1. Answer with one residue from Ser26, Gly14, Ala90: the one whose Cα lies farthest towards the positive end of the charge dipole of the chain, charges on Cβ with Lys, Arg +1 and Asp, Glu -1.
2. Which whole-Hz ³J(HN,Hα) couplings does segment 76-91 yield from phi under the Karplus relation 6.51 cos²θ - 1.76 cosθ + 1.60, θ = phi - 60°, glycine and proline marked x?
3. Of the options Ser114, Gln2, Val62, report the single residue whose Cα projects farthest towards the positive end of the charge dipole of the chain (beta-carbon charges: Lys, Arg +1; Asp, Glu -1).
4. Rounded to the nearest 20 Debye, what is the dipole magnitude of the chain about its Cα centre when Lys and Arg each give +1 and Asp and Glu each give -1 at the C-beta?
5. Note down the net charge around Met81, summing +1 for each Lys or Arg and -1 for each Asp or Glu among other residues with Cβ under 14 Å from its Cβ.
6. Most fluctuating residue of Lys42, Lys63, Lys85 in a GNM of the chain with Cα springs under 10 Å: which is it?
Amino acid sequence: VQLQASGGGLAQAGGSLRLSCAASGSTFSINTMGWYRQAPGKERELVATITSDGSTNYADPVKGRFTISRDNAKNTMYLQMNSLKSEDTAVYYCKVDQAGWSYWGQGTLVTVSS
């Protein structure tokens, strides 16, 4: 499975961005998809996950502001980020789980200016 993340960029505090993660290659039986982020000097952390049946899970810092979704027909996952804060600045990575394996995308940088 190959993952291509896109949609990062510069946003002002209070603004919005939408990230996309497109999966290609052998995409059958992709189960959970998720977004993670890593801020400078910090460890990578979970942002949100979504299962194949649409069940979602969010980290507390993004609850109510971020929305994860997926289009199984397009093998694409999205992260709508609203009410952005400076602390959301990080490299955002997508990950998918398939048949007991995990695959990571290359990351897309999100910078929020205050």
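Each value in this text was obtained by applying a stated rule to the coordinates, not by laboratory testing. Bear in mind the structure is a predicted one, so any value in this text is a computation, not a measurement. Cβ placement follows ideal geometry from the backbone for every residue including glycine, while neighbour counts extend to all protein chains displayed.
1. After comparing all options, I get Gly14.
2. Each residue of segment 76-91 in turn: 10, 10, 10, 9, 8, 10, 10, 6, 4, 10, 4, 6, 7, 4, 4, 8 Hz.
3. Ser114
4. Numbers: 10 positive and 8 negative charges, 34 e Å.
For this selection, approximately 160 debye.
5. Values: positive: Arg18, Arg37, Lys63, Arg65, Lys85; negative: Glu87, Asp88.
Net of charged neighbours comes to +3.
6. Fluctuation is largest for Lys42.
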